[in-house]
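The values are calculated or read from the model by the stated rules, or taken from the named source; none is laboratory data. Only a predicted model underlies this, so the values are computations on that prediction, with no experimental measurement involved. FYI the Cβ positions are ideal-geometry reconstructions off the backbone, even for glycines, and counts take in every protein chain you see.
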Amino acid sequence: MSTKTTVTIADGDSWDVAIEIGLSPAEEQELQELQIHFERSGGRGVDVAERIDHLVAKRDGDLPAAACIFDGTYGWHNTYRVVDLAVDHGWGLSEDDKADLADYKADQGSRPESGERVHELADLAEQYLNDKLVTEGWQFGWHEGEFFLANTAWWEAQG
């Protein structure tokens, strides 16, 4: 069954993330049969062990789950969008940082140092957002050009 989990940041804002949790009666039966088969076979059968692990993770709500906050389609704009998200959640910027951010937003900036600073700010913004998360086992981060909010199981599956 699919359900939603709510991930909350310290200021009270939250995101709903779809996650599979719980087993159907048929999956419960399958899990019991696989466990008996696995025990009788002396622990042989990697595919059986993997299916058991998957069913147990699903039953316990430990399957990978993620929400794409900023889609890679927006390219370089996502760099400043992460900064804006952190600012929306209480992060403060100096006047110099605000000027660099404004310059960067105008077609990646007229000065190379603005772009470098905005990339540094994006890293700091990510850290700020992660420090503000209230929900255990979740964190923000980049994967393949997209910015995600994901649980530990999802980040581990990404390698």
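Mind checking which strands (runs of 3 or more DSSP E) fall wholly inside segment 1-81 and carry at least 1 residues that are at pLDDT below 70?
2-8, 14-20
Mind checking which residues of segment 125-159 are β-branched (Val, Ile, Thr) and assigned to a loop (DSSP other than H, G, I, E, B)?
Val134, Thr135 - these are the residues of segment 125-159 that are β-branched (Val, Ile, Thr) and assigned to a loop (DSSP other than H, G, I, E, B).
Okay, residues lined up against (1) touching a helix residue (DSSP H, G or I) at 6+ places or on another chain (Cβ under 6 Å); (2) in contact (Cβ under 8 Å) with a residue 12 or more places away in the chain:
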position	(1), (2)
Gly92	no, no
Glu95	no, no
Asp103	yes, no
Ala125	yes, yes
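Just checking, does segment 88-99 include any residue being at pLDDT 95 or above and in contact with a Phe, Trp or Tyr (Cβ under 6 Å, 6 or more places away or on another chain)?
yes
Could you list, in sequence order, the residues of segment 90-103 that are under 24 Å from Gly145 (Cβ atoms) and surrounded by fewer than 16 Cβ atoms within 10 Å (Cβ to Cβ)?
Ala102
Which ones in segment 104-139 are polar (S, T, N, Q), touching an Asp or Glu at 6+ places or on another chain (Cβ under 8 Å) and surrounded by 14 or more Cβ atoms within 10 Å (Cβ to Cβ)? Quick ask: steps written out before the conclusion?
Our first condition is that a residue be polar (S, T, N, Q); within segment 104-139, this holds for 108, 110, 114, 127, 130, 135, 139.
Those left that are additionally touching an Asp or Glu at 6+ places or on another chain (Cβ under 8 Å): 110, 114.
Ser114 - this is the single residue of segment 104-139 that is polar (S, T, N, Q), touching an Asp or Glu at 6+ places or on another chain (Cβ under 8 Å) and surrounded by 14 or more Cβ atoms within 10 Å (Cβ to Cβ).
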